[in-house]
Ligand SMILES: Nc1ncnc2c1ncn2[C@@H]1O[C@H](COP(=O)(O)OP(=O)(O)OP(=O)(O)O)[C@@H](O)[C@H]1O
């Protein structure tokens, strides 16, 4: 597994810099959280890493491979998957079909093979099916596998969204506010899965989350953004004691 390196990334929308010379190193195998007040640039940095936005300046490398100008599809094929803040699920399809569809993105066989459905295509189809079943099992979604996503509670839908990203077997999982709108029990549930994803699947996790209690509890490293700039970084203890970070949060509340 490789380091993900964000170097001097600036993202401008007209006159507004959503990100200004942001530097981050996402270390393999760790949970790195990105926090900051509303509008600080947290989603923008995930958008740059996942190829939805292209930085105005700066560079993003995965190992030695530049991601800066890659499309979202190219980024996910490199092993970087994203679960979205606003769910990217098909509400009229079952959990199983949503996950199969997501996994299907990774199918690589020719039109002719697909047409006659033999050889590599059928083998890959079986492998995909098995992998999706494994993700359903891992995320404890078995009771919901045939349910239409639109009929599920918001908390379960958020879990399906994480599962959707996991079907790509990512090395890095980007999670954008996976606990937003959840009740305490649902939050505890998803926290347990985030830790399991890191520890049991040896996946690097990048987490954008507003719940500071959760962030302090589970993160190995934290980056703090404010007005598009990194104002603090390090272990949870170091960040919690950083006067600039405290100021940014007190400023937000006052
Ligand atoms: N597509 C866009 N066009 C114009 N401005 C944008 C766009 N995307 C983001 N911004 C602006 O960039 C800044 C950073 O937004 P971003 O969504 O990254 O913040 P955030 O930290 O994720 O906020 P929140 O915690 O509220 O989700 C904001 O001022 C936002 O209005």
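Please treat every number below as a calculation from the coordinates, not as lab data. The structure presented is a predicted model; accordingly, all values stated were derived computationally and were not measured. For neighbour counting, all protein chains shown are included, and Cβ atoms are generated from backbone atoms with ideal geometry for every residue, glycine included.
Determine the percent antiparallel among the DSSP beta bridges restricted to the chain, to the nearest 5.
Expressed as a percentage, antiparallel bridges in the chain total about 55.
Which of 79, 155, 15 moves the most in a Gaussian network model of the chain with Cα springs under 10 Å?
Looking only at 79, 155, 15, the biggest GNM fluctuation is shown by 15.
Using only the Cα atoms of the range 1-94, construct the convex hull and provide its projected area averaged over every direction, in square nanometres to one decimal.
If I average the Cα hull's projected area over directions, I get 7.4 nm².
How many Å³ per residue does the convex hull of the Cα positions in the range 170-216 occupy?
68 Å³
Once a ≥ b ≥ c are taken as the square roots of the eigenvalues of the Cα gyration tensor of the range 142-196, is the result rounded (a/c under 1.5), prolate (a/b larger than b/c) or oblate (a/b not larger than b/c)?
Since a/c reaches 1.5 but b/c is at least a/b, the shape of the range 142-196 is classed as oblate.
What distance in nm lies between label points placed 7 Å from Cα along the C-beta direction at residue 199 and residue 54?
4.2 nm
Determine the gain in length on full extension of the stretch residue 169-residue 138; use 0.36 nm per residue of separation and subtract their C-alpha separation, reporting nm with one decimal.
9.9 nm is the gain from fully extending residue 169 to residue 138.
Hey, any idea what Rg/Rh is for the chain, computing Rh the Kirkwood way over Cα pairs?
0.99
Ranking request for peptides 224-231, 197-204: highest mean number of other beta-carbon atoms within 10 Å first, then the rest in descending order.
Top of the packing list down: 224-231, 197-204.
Quick check on packing: order 25-38, 170-183 by the mean number of other C-beta atoms within 10 Å, highest mean leading.
170-183, 25-38
What does the highest-first list of 146-152, 4-10 look like by mean Cβ count within 10 Å?
Packing order, densest peptide first, comes out as 4-10, 146-152.
Distance between the C-alpha centers of the range 192-254 and the range 54-91? Whole Å please.
21 Å
Quick one: angle between helix 95-104 and the longest Cα principal axis of the chain, in degrees between 0 and 90, rounded to 10, please.
Rounded to the nearest ten degrees, it is 90.
Do you know the relative contact order of the chain, to the nearest whole percent, from alpha carbon pairs under 8 angstrom that are 6+ apart?
27 percent
If each of residue 237 and residue 210 carries a label point 7 Å out from its Cα toward its Cβ, how far apart are those two points in nm?
For the pair residue 237/residue 210, the computed spacing is 3.0 nm.
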